[in-house]
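Undergrad: Here it is: the structure, laid out below.
The values are calculated or read from the model by the stated rules, or taken from the named source; none is laboratory data. Everything quoted here is computed from the prediction, not taken from an experiment. No Cβ is skipped: glycine too gets one built from the backbone with ideal geometry, and neighbour counts run over all protein chains shown.
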Amino acid sequence: MARAETHYVCQSCGAVHAKWAGRCDGCGEWNTLAEESAPTPVPKGLRAGAARPLELVGLQGAATGPARLSTAIVELDRVLGGGFVQGSTVLIGGDPGIGKSTLVLQAAAALAMAGAEVAYVSGEESIDQIRLRAARLEIAGAPVRMTAATSVRDILATFDHAQAPGLVVIDSIQTMFVDNVEAAPGTVTQLRTSAHELIRFAKRRGTALLLIGHVTKDGQIAGPRVLEHMVDAVVYFEGERGHQFRILRAVKNRFGAANEIGVFEMAERGLVEVPNPSALFLAEREAGVSGAAVFAGIEGSRPLLIEIQALVGPSSLGTPRRTVVGWDGARLAMLLAVLETRCGLVIGGRDVYLNVAGGLRIAEPAADLAVSAALVSSLFDRPVPAAAVFFGEVGLAGEVRAVSQTETRLKEAAKLGFEQVVLPAGGRGPPGSANDGLRIQEIRRLSELHDLLGGDQGADAALGD
């Protein structure tokens, strides 16, 4: 009998290697190559058969919006762009224990209570475990149909018919397998094949498909990147276990806005949506404390006011510490270099700690000015005005650059009772109701923050020469 051909597939990027190696040449990861059976080669060229010419149409035509299934969970619907689109596939990932299964079960129960037919397929937990969670969440009376299975063939035999459910939940995609693929569940080949078969079923029957995915230690969804390209929406569930807040963030959405977020609070009876996250993130803010500044940011289409905390202190080490939580460490290093080179502040030999309060992670360049204000405040030990908010991008020359959606940021600041806004020069936009009741402080250079926070009094220890 001829020996079956095998090859080695990287479980991180999907690259195929003829022989085993300790390091993948495609992505550079170590110890990710796994042996898998090589697929049967397909003869080159098209087989004989009838061909059907394709119909070409123009851009103009009667186009209607996609039909959606609303979950009645406002924050979830916001992230999805209005609800689940029929025939679409959504992939949700997050750290273990963050609340993925809880949120999905709540959404499935809400849809079922609204009259939609919902099926929940569990590949990790038993039916009794899901029933216990439903009883704790007080949604056990919802008409959700459940089953425990991992075979894609059995799942399709159950649901692939004219009366297919409106929503099918797969928990999780890493446990699914196709029986004619000689690879273990969770490998690149099984993930790609299982997802492909399930997505074909969803589009053929017009069923909304929700896939729960595991994440790696880096926070990315486990498996090949092609898995994220195959689905219509990729959603991450973020949050720290020490915080009660959970952030649902869309990083890809073919039927809505990307980078849209929904905010939830973990309570005894499951996840509770937060309609006004700005007020919640600022609820525990203390006035009169140095090293804290409020940033007026934009997450997706919603404005958020977030407290940024900084601590600059003496270092007893040869290499000072740079600890960042919730922001980009490389951007902090850039800001520290600008403050020292362009503003004359001595920070290089001090420990710097930066934290975004509430467990939120931000990546917007507009946070540069608020971070700089928190750093300067901590360095001089002078509190930032309690009724002030900051936003603006900082360049390497020390200039402060304008950012987008100024009016939206101003309206959110005014709504929450703030009185002063520090922003880039020329970035206030046209006069309007958003400026009513707000003192606008425009700055052109980052060095002006020093004067804004108290001038030269007591600054000798922080300034060079």
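Undergrad: Would you pick out the residues in the range 89-99 that are more than 16 Å from the chain's Cα centre (by Cα) and either under 17 Å from Ala110 (Cβ atoms) or not in a loop (DSSP other than H, G, I, E, B) (or both)?
TA: Thr89 - this is the single residue of the range 89-99 that is more than 16 Å from the chain's Cα centre (by Cα) and either under 17 Å from Ala110 (Cβ atoms) or not in a loop (DSSP other than H, G, I, E, B) (or both).
Undergrad: Another one. Tell me which residues, restricted to the range 72-88, are assigned to a loop (DSSP other than H, G, I, E, B), over 19 Å from the mean Cα position of the chain (by Cα) and at pLDDT 90 or above.
TA: Gln86, Gly87, Ser88
Undergrad: Out of everything in the range 123-144 that is among the β-branched types (Val, Ile, Thr) and either part of a loop (DSSP other than H, G, I, E, B) or not assigned by TED's automatic domain parsing to the domain that holds Gln106 (or both), what residue ends up being farthest from Thr193 (Cα to Cα)?
TA: Selected residue: Ile139.
Undergrad: Next question. Taking the criterion of being closer than 30 Å to Ala363 by Cα and either outside the structural domain of Ser122 (by TED's automatic domain parsing) or modelled with pLDDT of 90 or more (or both), would at least one residue in the range 192-200 satisfy it?
TA: No; the residues of the range 192-200 include none that is closer than 30 Å to Ala363 by Cα and either outside the structural domain of Ser122 (by TED's automatic domain parsing) or modelled with pLDDT of 90 or more (or both).
Undergrad: Quick check on Gly81: is it of a type outside the set (A, V, I, L, M), in contact (Cβ under 8 Å) with a residue 24 or more places away in the chain and at positive phi?
TA: The answer is yes for Gly81.
Undergrad: May I pose another question? Can you name every residue in the range 313-350 that is among the acidic types (Asp, Glu) and either outside any loop (DSSP other than H, G, I, E, B) or touching a strand residue (DSSP E or B) at 6+ places or on another chain (Cβ under 8 Å) (or both)?
TA: Glu340
Undergrad: To continue, here is another question. Which numbered condition trips up Tyr353, out of (1) assigned to a loop (DSSP other than H, G, I, E, B); (2) touching a strand residue (DSSP E or B) at 6+ places or on another chain (Cβ under 7 Å); (3) surrounded by fewer than 18 Cβ atoms within 10 Å (Cβ to Cβ)?
TA: With (1) assigned to a loop (DSSP other than H, G, I, E, B); (2) touching a strand residue (DSSP E or B) at 6+ places or on another chain (Cβ under 7 Å); (3) surrounded by fewer than 18 Cβ atoms within 10 Å (Cβ to Cβ) applied to Tyr353, the lone miss is (1).
Undergrad: Please work out if Gln190 is touching a strand residue (DSSP E or B) at 6+ places or on another chain (Cβ under 7 Å), farther than 24 Å from Arg269 by Cα and without any contact (Cβ under 8 Å) to a residue 40 or more places away in the chain.
TA: Answer is yes for this residue.
Undergrad: Now for a different question. Out of all the residues in the range 388-400, is one or more acidic (Asp, Glu) and assigned to a strand (DSSP E or B)?
TA: Scanning the range 388-400 turns up at least one residue that is acidic (Asp, Glu) and assigned to a strand (DSSP E or B).
Undergrad: Follow-up. When you look at Thr147, is it outside any loop (DSSP other than H, G, I, E, B), touching a residue at least 24 places away in the same chain (Cβ under 8 Å) and more than 30 Å from Ala34 (Cβ to Cβ), yes or no?
TA: The answer is no for Thr147.
Undergrad: With of a type outside the set (Ser, Thr, Tyr), more than 28 Å from Arg133 (Cα to Cα) and in a loop (DSSP other than H, G, I, E, B) as the only criterion, which of Ala296, Ala279, Ala310, Ala283 stands out?
TA: Going through Ala296, Ala279, Ala310, Ala283 in turn, the sole match is Ala283.
Undergrad: Which of the residues belonging to the range 258-272 are surrounded by 15 or more Cβ atoms within 10 Å (Cβ to Cβ) and either in contact with a Gly (Cβ under 7 Å, 6 or more places away or on another chain) or of a type in the set (Lys, Arg) (or both)?
TA: Of everything in the range 258-272, those that are surrounded by 15 or more Cβ atoms within 10 Å (Cβ to Cβ) and either in contact with a Gly (Cβ under 7 Å, 6 or more places away or on another chain) or of a type in the set (Lys, Arg) (or both) turn out to be Asn259, Glu260, Ile261, Met266, Leu271.
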